[in-house]
1. Can you tell me how many residues in region 212-228 are among the polar types (S, T, N, Q) and either part of a helix (DSSP H, G or I) or modelled with pLDDT of 95 or more (or both)?
2. Output the number of the condition that residue 168 fails; it satisfies all remaining conditions of (1) over 30 Å from residue 30 (Cα atoms); (2) open to solvent by less than 50 Å² (accessible area, probe 1.4 Å); (3) at pLDDT below 95; (4) among the β-branched types (Val, Ile, Thr).
3. Out of all the residues in region 106-149, which are open to solvent by 60 Å² or more (accessible area, probe 1.4 Å) and of a type in the set (D, E, K, R)?
4. Within region 97-114, can you find the residues that are within 20 Å of residue 444 (Cα to Cα) and within 30 Å of the chain's Cα centre (by Cα)?
5. Identify the single condition in (1) at pLDDT below 95; (2) touching a Gly at 6+ places or on another chain (Cβ under 7 Å); (3) within 17 Å of residue 127 (Cα to Cα) that residue 3 does not satisfy, given that it satisfies every other one.
6. Does at least one position in region 311-322 carry a residue that is under 28 Å from the mean Cα position of the chain (by Cα) and without any contact (Cβ under 8 Å) to a residue 60 or more places away in the chain?
7. What residue, among those in region 330-349 that are of a type outside the set (A, V, I, L, M) and surrounded by fewer than 18 Cβ atoms within 10 Å (Cβ to Cβ), is farthest from residue 368 (Cα to Cα)?
8. Looking at region 501-518, can you tell me whether even one residue there is polar (S, T, N, Q) and within 21 Å of the chain's Cα centre (by Cα)?
Amino acid sequence: MDHKAAKRVAVVGAGTSGLAACKHLLARGFRPVVFEAGASVGGLWTRTLASTRLQSPNAAYRFSDFPWPEGADTHPRHDRVVEYLAAYARRFGVHDCVRFRSQVVAAEYVGADGADTEMWAGNWEAFGGDGAGRWRLTVRHGDSGATQEYEFDFLILCIGRFSGVPNVPAFLPGAGPDAFRGRVLHSMDFSEMDDADAAALVKGRRVAVVGSGKSAFDIAAECADANGAEWPCTMVCRSPQWLVHDVDVWGKINLGYLYMNRFAQLMVRKPGAGLASSILATLLSPLAWLISKVTEAYYKKAIPMREYGMEPEIGFATSISSCKSGMLPDAFYGRVRGGSVVIRRSRAFSFCEDGLVLDGADGGRVIPADVVILATGFRGDQKLRDTFVSPRVKDIVAGSSDTTIPLYRECVHPRIPQMAVIGYPESLTNIYTIEMMTKWVARFLDGAFRLPSVRRMEQSVEEWGRYMRRSSGDRFRRSCLGAVNIWYNDELCRDMGCDPRRKKGLLAEWFQPYGAVDYADIQ
């Protein structure tokens with residue numbers, strides 16, 4: 001039997017990360033098994049609102065070697081995205097590796113984990129040295145509740161952050177959902193409902209949506225379309241974010257030319273780039289400030305955010321570096337102007353029998369509601385912890401509450417052998433960042449490079465964590481690569497022995513936006 005085929009590799013999840021991981025493992029001779037809890041590929045795209053469309057243009061949201069079909073919409077609907085991902089899976093033989101309706105309920109490392117050594121997995125290599133351990137997965141198949149155990153030589157988690165464990169605010173006794181006589185649900189539950197059931201839930205009812213991110217705006221728009229001004233949807237927002245209507249500013253300058261090229265990243269203090277890079281970023285900081293202010297000025301002029309109290313408190317550049325930006329639903333502020341969406345700002349809220357009680361400027365105001373939808377995010381760190389059996393792994397895998405998830409190259413934990421996590425960090429172009437991670441992991445499994453010592457990996461993790469906190473300030477979010485995406489890919493390229501410079505010509509290299517196609521020849 002071929003040595004690679006003999007190595008047992010498990011991939012958990014068949015969303016964008018899991019599909020790309022399986023594809024690149026197959027290309028290198030491995031025969032992975034993909035466990036998917038759902039009935040089809042596509043991950044979150046199969047569990048979303050009826051109106052959901054791709055935020056970025058499809059040219060930016062694609063795999064490097066698999067273009068969208070000719071004639072596809074620039075911003076395809078979610079079902080078209082699922083079709084694209086399914087076509088990718090069929091084209092590269094991934095579909096045959098997936099075991100659907102198979103949920104991994106527990107993962108346990110069996111063997112000496114080498115936690116006290118400086119050699120990851122015992123020899124700095126993917127599958128470890130002599131006496132290497134294995135991962136034992138407990139998998140629930142179908143709806144019967146019956147489980148089966150499997151063992152693998154390497155585990156790749158592609159479970160994502162934005163599902164599984166909802167983030168629900170804590171309330172004082174008597175002020176939580178139990179005090180409310182209507183229905184309370186999280187955006188996750190609303191998105192997973194059948195389209196007809198979701199429409200029936202909000203039709204003719206007073207709906208309040210809590211949150212200020214992309215999902216809150218999408219849900220509010222959908223409720224407004226269902227009920228109009230007769231039953232307006234109330235949005236309760238604490239900290240408005242930069243949700244914009246277009247990616248071209250002023251004279252049709254695409255944001256990619258302002259934030260997603262190599263020149264733009266000269267203005268950012270990048271982790272591990274050295275003193276000269278930091279000095280240059282400091283010298284260029286006035287230019288970075290100017291670009292951010294000019295961009296902000298355009299959006300404030302084009303979008304009536306100030307009129308409705310939705311002007312963000314953070315600068316546009318900070319929103320990029322902390323992944324706190326997104327696309328508005330079409331004509332969203334037209335709905336606000338027409339009265340089908342009402343926006344209320346509040347630092348906090350609580351429940352009463354008839355709805356929500358607001359804090360802050362609207363202190364004491366009661367927002368009448370029949371249905372409250374909490375678009376308050378997810379606890380991705382807890383979802384990651386819940387995957388494992390070992391208390392030690394649970395304790396270290398997601399870091400502490402004030403750190404990023406401690407992954408070297410955002411892929412492997414320095415103290416957990418024979419395992420990778422793909423797709424956890426956010427970026428402005430998630431799909432090609434994810435694909436680069438899968439290429440890195442596949443080459444690592446193929447023996448193309450070895451990891452450094454555990455101590456060096458931990459130092460790198462700490463350095464990236466300091467960057468992420470510095471770039472996001474008190475709005476720190478875990479693992480955002482928004483402002484350093486090219487630099488991050490450069491690091492992966494150097495590890496893999498590939499040239500980080502992917503463009504043809506000096507001007508193109510420095511000023512053209514980078515995207516998935518630039519890395520297509522890295523397999």
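The values are calculated or read from the model by the stated rules, or taken from the named source; none is laboratory data. Source: prediction; values computed, not measured. Quick reminder, even Gly has a Cβ in these numbers, built from the backbone with ideal geometry, and neighbours come from all protein chains shown. We work out accessible area using only protein heavy atoms, side chains counted, and drop any ligands, DNA or RNA first. Shrake-Rupley method; radii C 1.70, N 1.55, O 1.52, S 1.80 Å.
1. Total meeting the criteria: 2.
2. Single failed check for residue 168: (2).
3. 108, 116, 118, 125, 130, 134, 136, 140, 143, 149
4. Matches in region 97-114: 109, 113.
5. Here residue 3 clears every test but (2).
6. Yes, region 311-322 contains at least one residue that is under 28 Å from the mean Cα position of the chain (by Cα) and without any contact (Cβ under 8 Å) to a residue 60 or more places away in the chain.
7. Taking region 330-349 and keeping what is of a type outside the set (A, V, I, L, M), we get 330, 332-335, 337-340, 344-347, 349.
Right, trim to surrounded by fewer than 18 Cβ atoms within 10 Å (Cβ to Cβ) and you get 330, 334, 337-339, 347.
Working: 330: 27, 334: 23, 337: 20, 338: 19, 339: 16, 347: 18 Å.
Ranking the candidates gives 330 first.
8. no
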